[in-house]
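Heads up, the thing below is written out as structure tokens.
The values are calculated or read from the model by the stated rules, or taken from the named source; none is laboratory data. Model, not experiment: these values are computed from the prediction. Cβ atoms come from the backbone with ideal geometry, glycine included; neighbour counts cover every protein chain shown. Note: accessible area is taken over every heavy atom of the protein model, side chains too, but ligands, DNA and RNA are not part of it. Shrake-Rupley method; radii C 1.70, N 1.55, O 1.52, S 1.80 Å.
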Amino acid sequence: TLSSLIAPARTMLAVKADAYGHGLLPLARAALESGADSLAVLDVTTALAVRAAGIEAPVFAWLHGPDTDFGAAIDAHIDLGISAEWQLASIEQASRDAPARVHLKIDTGLHRNGARPEDWPALVDAAVDLARVLGGSG
């Protein structure tokens, strides 16, 4: 119903951990079968589990630590929410044959995740520079 009401906009359902006891994978499958276009998960490890279960819909992961396997995420076509320049540097090191799809995240005031407003211009500049280096569209 929501998908039809907002068309042509698309829907993304966030599924985290065990989906409050419902199970990550059953909920992900039900969401896609019910019209969601894509899924959002907390981290790359969870995104890779979704892929390993055979789910091919777009998947977005947004919380990354220093040990995040960006190479595996890129290979699995996981979209990455990026909020810090060090994450871009890690993506550059991990880049292989497939392009990385990144979405820059800014902190809108909740202070939970995202670049601080004063760091935003440098993050955008670093992303544009990386896109040029890796042959992306910027």
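Numerical summary
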item: Test for residue 129: is it at pLDDT below 95, over 30 Å from residue 20 (Cβ atoms) and of a type in the set (D, E, K, R); result: yes
item: Conditions (1) at pLDDT below 95; (2) part of a helix (DSSP H, G or I); (3) closer than 24 Å to residue 19 by Cβ: number failed by residue 73; result: (1)
item: Number of the condition not met by residue 100 [criteria: (1) open to solvent by less than 40 Å² (accessible area, probe 1.4 Å); (2) assigned to a helix (DSSP H, G or I); (3) among the aliphatic types (A, V, I, L, M); (4) in contact with a strand residue (DSSP E or B) (Cβ under 7 Å, 6 or more places away or on another chain)]; result: (2)
item: Subset of region 1-23 (residues that are of a type in the set (A, V, I, L, M) and in contact with a strand residue (DSSP E or B) (Cβ under 8 Å, 6 or more places away or on another chain)); result: 12, 13, 14, 15
item: Those residues of region 108-131 which are part of a loop (DSSP other than H, G, I, E, B), over 20 Å from residue 65 (Cα atoms) and open to solvent by 60 Å² or more (accessible area, probe 1.4 Å), in sequence order; result: 108
